[in-house]
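Undergrad: Pasting in a structure now, in structure tokens, and then I'll have a few things to ask.
Read-outs: derived from the displayed coordinates by stated rules, not from any lab. Source: prediction; values computed, not measured. When we count neighbours, we look across all protein chains shown, and the Cβ atoms used for this are built from the backbone with ideal geometry, even at glycine.
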Amino acid sequence: MKSIIKITCFIFLFVGAYTLPAQNAKLTKTKVNDWLSLSLPADFTIMAEDVYARKYGAYRQPLAMYTSPNGLADLGINETINRSLRAFNNSDWQEEDMNMLKSLYKSTIMAMHAEVTFVQDKLETINGRKYIVLEFVGTVKDEDKAVSFGSNIKKQYSYLQYTVEAGKVIIFNFTCPANVRNLWQDTAKQIMQSIKFGKAKKK
């Protein structure tokens, strides 16, 4: 009986040590580049290029990619370069396109997942700037084509925000396995609410 109690206590302490840092994550202001900053957990680091290539298989590096110490939670920042969804390819994205963009990105998310439950699906003004907010839990449809965190993890929690800056769409994507969503959801929201743009980005 004592052995069982000891084992149970060990498991509890191990799991607690593995998950607790996310619950009370201390956020630190982080300068992404000359025109963008946001607050991230103090222990987040820039993801190495080889890790990014292995984990996401993307051909193009994002503007920035940060990850938690255990590699389960990621915050990526990217910008669009393909305007093929517009009627006029030479035209830049404008703030008035936000409703159309929301529909397009939501459709893309649904196409990539076998099942999606949206927590947020709206336009929101944060720090004086309009964003598309899409927060959801999704079951990956095709692990070879969609982001995954391992062969046994198919259900993911994602908190995405999109905004238009200098004719491009800037995308902020916080992702982690769905089974640790309760540990990261509040932190993800704090990160997204902290985004600030400086001087207008040059085209």
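Undergrad: Near Lys26, which aspartates and glutamates are there with a Cα under 14 Å away, not counting those fewer than 8 places off in the same chain?
TA: The reachable aspartates and glutamates, counting only those whose Cα sits under 14 Å from Lys26, are Asp43, Asp186.
Undergrad: Another question, then. Ranking request for peptides 183-195, 25-37: highest mean number of other beta-carbon atoms within 10 Å first, then the rest in descending order. Intermediate results must be reported in sequence, preceding the final value.
TA: Working: 183-195: 19.0, 25-37: 14.2.
Result, highest mean Cβ count within 10 Å first: 183-195, 25-37.
Undergrad: In Å and whole numbers, how far do the C-alpha atoms of segment 26-197 stretch along each principal axis, longest first?
TA: Sorted largest first, the three principal extents are 42, 36, 31 Å.
Undergrad: Also: Could you pull out the pairs from Lys31/Lys154; Lys29/Lys189; Lys130/Lys189; Lys106/Lys130; Lys106/Lys168 whose alpha carbons sit more than 23 Å apart here?
TA: Details: Lys31/Lys154 32 Å; Lys29/Lys189 15 Å; Lys130/Lys189 15 Å; Lys106/Lys130 17 Å; Lys106/Lys168 18 Å.
Result: Lys31/Lys154 exceed 23 Å.
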